[in-house]
Structure formats: C-alpha cells, structure tokens
Amino acid sequence: MTEDRTRPVVRLRPKAEARAIRHGFPWVYADELVTDRRTQAMAPGTIATLEDAERRPLATVTVNPKSKIIARVLDRDAGAEITGDWIAAKITRALALRERLFDAPFYRLVHAEADGLPGVIIDRFGDLAVVQPNAAWSEAMIGEITAALAAIGIATVVKNGSGRARGLEGLPEETVVLTGAVNGPVPVPMNGAVYMADVLGGQKTGLFFDQRPNHAFAARLARGARVLDVFSHVGGFALACLAGGAERALAVDASAPALDLARQGAAAMGAEARFDTRQGDAFATLEALATEGAQFDLVICDPPAFAPSKTALQAGLRAYERVARLAAPLVAPGGYVALCSCSHAADLVQFRAASARGLGRGGRRSQLLHTGYAGPDHPMLPQLAESAYLKALFFRLD
C-alpha cells in the first residue's frame, strides 16, 4: 500500500536510528523526531505517516506530543488505514493464540505492543473483558475496540482508565462499564484454584494472569507444605498452592478488600479450613513472623514494582534485597523461597544478584532451582526489553 498523503507526516531527525524501526522497534522518543510547531499542535492520538530523515516512508504511527514516547508504531505499512476493521483483525489474531494455549476463556487477550496494539491491555474473564487504553490513540478509538470485542462474544466491557501509564500519556483516570453489566466479583478458574476478580475496584484489571505458570510451579513445591504468600493480593500463590495439596497457606497483604476476595476464593474451592490471612505491611509482617519463630516450607514474595523506572532502580534493588533477607529466616531447613519482580527497569541479572545477596544476608545458603517468566498470553516483543518485565526466582535453602 502506498503512503497516505491525506494525513499528517512526521519525520525522524538525521541522527535517529531508522534501522531500529525497520527491524521492529515500536517507539519513537521525543528527541528523535522533528518537533516543529505543526507536530507539537497535533492532538494526542493523531494517526500519521512516519518518514526517515530522507523522507522515505517507514510506518504508520500514532503521535502524542505530550508523551516522551512521541510516536508508537501501529503498522509497518506506511499506508495502513487504522479503522475498526484493522483493530478487529489484530484482536482476532490475538484470540487465535490464546484459544490454542488455553481451554477456558480466562487470559490476557491483548498484550500491548507484542500483540500489535500499542499501549492496549485487554484481560478476558469469560464473556467479560477489561480494557486498559493506556495510549491516547486507543482512548480515542475505545468504541472500535469495544465493537471488536463484541464481535468475538464479549458481552461486558469495562474500561479501566487508571495507572501510571495513562498519566504519562496525559490521560485522565476513570473506570467505567462500557457495555453490559458487572454484578460483583468474577470467579476465575486457574491452576485448579478459584480466584475472585474485582474488575471495577481491584488492582489493574482485577487479577494478575501473568503469574499463572509460576503459580503452577509453586504448587508443585507445595504438596504437604506450610505456605506463606506475602504481597498476596487476592491469594495468587496461596490458592494455587492449596489446589496443589498444601497443608496450610497464610496470605499476607496490606489490602483488606484483597484478602476478603482471597477468602472468598478459598471458600469457592472448598479450601477455607486450610487458609488464613493476615493484613498488614509486608515488611513489618515478615519481621513479626520471624520474632514469633514462624517457619514455613515454602515462602513466596510477589511485591509490586519497586523499580518502575530507571531513576528508581537502586532503591528498588535495595527493597528486593530486603525482602529476600527478611524472608530467609522464615524458611524451614530444606524449604523453598520464591522471589518475584515485575519491575522492567531491574533486569534479571540485577534482580537475581539482589535476591541472592539478601538470602545470604539472611544467613542462608541457596540453590537456584528455577527461573520463571510471564505466561505465553503475555508475549514479549523481542525488540522491546520492557515487555519482559516479570521474573520469578525459586530457591531451595539449606
């Protein structure tokens, strides 16, 4: 298809790396683009043709002059028309992968750039979907996204307009039901457990599907075990471990509503007699459990992103080290600890070093058994390191 000259054109600066765009890198930073008054006047979400410094068309992009990521590649065809049909084709392609991977319709349906829809997250809960339109173009085309979801059998669509990413795009925070109705928490079967997802008031979309394979690995270690799940949210690791045959599980989280949902999940799977919760600050609770002499056969710590940006990296690594140091004394001899990070700014090598350092400072020798990542419904775009954000390290301790 030829370049569409009826729409705006934006151009890379001479020193910008056009080859990276040609090879699949999906972003253009503000200092790489010629930002004249015409470009600066573009409304956030404008669809434009991207050219290299020699005026050769590179791609169809969406432009947001208010963002540090000033342009996002929508299509490598510089003449692509970004319409409802284009969005529907992307969602249909994403659906084909998930239907091959999963027997039940509970998964991340669209994982942003990796599924060709930059800044768009869609989690599916049966015939309900939660959409996070985290880029200006997707906010402008939320109607087309909703229609495409309806075409694949999604009756209820929730727009979750919250989070750091929208702030960086200059978008307002709001969560609304766009179609259908939400009647309380949604039960989600996963790894033999049942989770209760609060799709209107919970964190992010209400549930974290990305940890599914790591939940399953933890469950294999949990047979007959006493389990501690810290930063538990709605019972992520704890409920999976109970489904895997854990003797007991204790979930720790600062959020009372999240722990209430965890208890509902345990009841739904008939495991409430083996499940306990403890509300409080995770660090303080880890210290208190050590003072009490508590011991567990498996301890899992899955904190929020301590290093959400490069400027927070060193403080974040210190926090991950502290988590490992406080978790170490709680693990019975020969037991296991799982340490997780969802910080894309802390790469695997840095996170592993901080975790090992913390376990050593906690007085334990460790054996690294397994490194886990996000599940395949969270595919990674090879050219975008930020899309490989989740790491889970499983250690056996002497």
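The values are calculated or read from the model by the stated rules, or taken from the named source; none is laboratory data. This structure is a prediction, so every number in the text was calculated from the model and none was measured. Quick reminder, even Gly has a Cβ in these numbers, built from the backbone with ideal geometry, and neighbours come from all protein chains shown. Heavy atoms of the whole protein, side chains included, go into the accessibility calculation; ligands, DNA and RNA do not. Shrake-Rupley method; radii C 1.70, N 1.55, O 1.52, S 1.80 Å.
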Restricted to the chain, the DSSP antiparallel beta bridge percent, nearest 5, is 65 percent
Give the cross-link partners of Lys204 among the aspartates and glutamates, using a straight C-alpha distance below 14 Å as the criterion and excluding same-chain residues fewer than 8 apart.
-> Asp123, Glu173, Glu174
Output for region 103-142 (equivalent-ellipsoid semi-axes, sqrt of 5λ from the C-alpha gyration tensor, Å, descending) is 20, 11, 6
Relative contact order of region 1-81: what whole-number percent is it, with Cα pairs under 8 angstrom and at least 6 residues apart?
-> 36 percent
Accessible surface, the chain, averaged per residue in Å² (probe 1.4 Å) | 42 Å²
What the Cα atoms of region 75-224 span along the principal axes, largest first and in whole Å, is 58, 30, 29
Hey, in the GNM for the chain with a 10 angstrom Cα cutoff, which one of Ala96, Ala328, Ala216 fluctuates hardest?
-> Ala96
Restricting region 173-261 to GluC sites (Glu not before Pro) in coil, as DSSP defines it, with at most 11 other Cβ within 10 Å | Glu173
For region 133-212, the percent of accessible surface on carbon and sulfur atoms (probe 1.4 angstrom, ligands and nucleic acids excluded) is 57 percent
With a Förster radius of 56 Å, plug the Cβ-Cβ distance of Ala41 and Glu287 into 1/(1 + (r/R0)^6) and report the FRET value to the nearest 0.05.
-> 0.55
For the chain: rounded, prolate or oblate by the Cα gyration tensor [a/c cutoff 1.5] = prolate
Would you please name the GluC sites (Glu not before Pro) within region 54-112 that are DSSP coil residues with at most 16 other C-beta atoms within 10 Å of their C-beta?
-> Glu54, Glu81
GNM top mover of Arg263, Arg248, Arg357 - the chain, alpha-carbon springs below 10 Å | Arg357
So for R0 = 51 Å, FRET eff. of Arg7-Arg220 from the Cβ-Cβ r, to 0.05, ends up at 0.45
Per its Cα gyration tensor (rounded if a/c is under 1.5, else prolate when a/b beats b/c, else oblate), region 141-198 is best filed as oblate
Rounded to whole Å and ordered largest first, report the semi-axes of the equivalent ellipsoid of region 263-398 derived from its Cα gyration tensor (root of 5λ).
-> 25, 20, 15
Among Ala273, Ala94, Ala165, determine the one that fluctuates most according to a GNM of the chain built with springs between C-alpha atoms less than 10 Å apart.
-> Ala273
Near Arg274, within a Cβ-to-Cβ distance under 9 Å, what is the net charge of the other residues, with Lys and Arg +1 and Asp and Glu -1?
-> -2
How much of the accessible area of region 7-124, in percent, comes from carbon and sulfur atoms when a 1.4 Å probe is used?
-> 50 percent
Does region 234-298 come out rounded, prolate or oblate by the C-alpha gyration tensor, with a ≥ b ≥ c the root eigenvalues, rounded set by a/c under 1.5 and, if not, prolate when a/b is larger than b/c and oblate if not?
-> oblate
Quick calc: nm separation of the 7 Å Cα→Cβ label points for Asp347 and Ala305 -> 1.8 nm
How much of the accessible area of region 223-334, in percent, comes from carbon and sulfur atoms when a 1.4 Å probe is used?
-> 52 percent
Do the sum for the chain: with -39,500 (n - 2.57) for every DSSP H run of n ≥ 4, divided by all residues, what is the mean residue ellipticity at 222 nm, to the nearest 500 deg cm²/dmol?
-> -8500 deg cm²/dmol
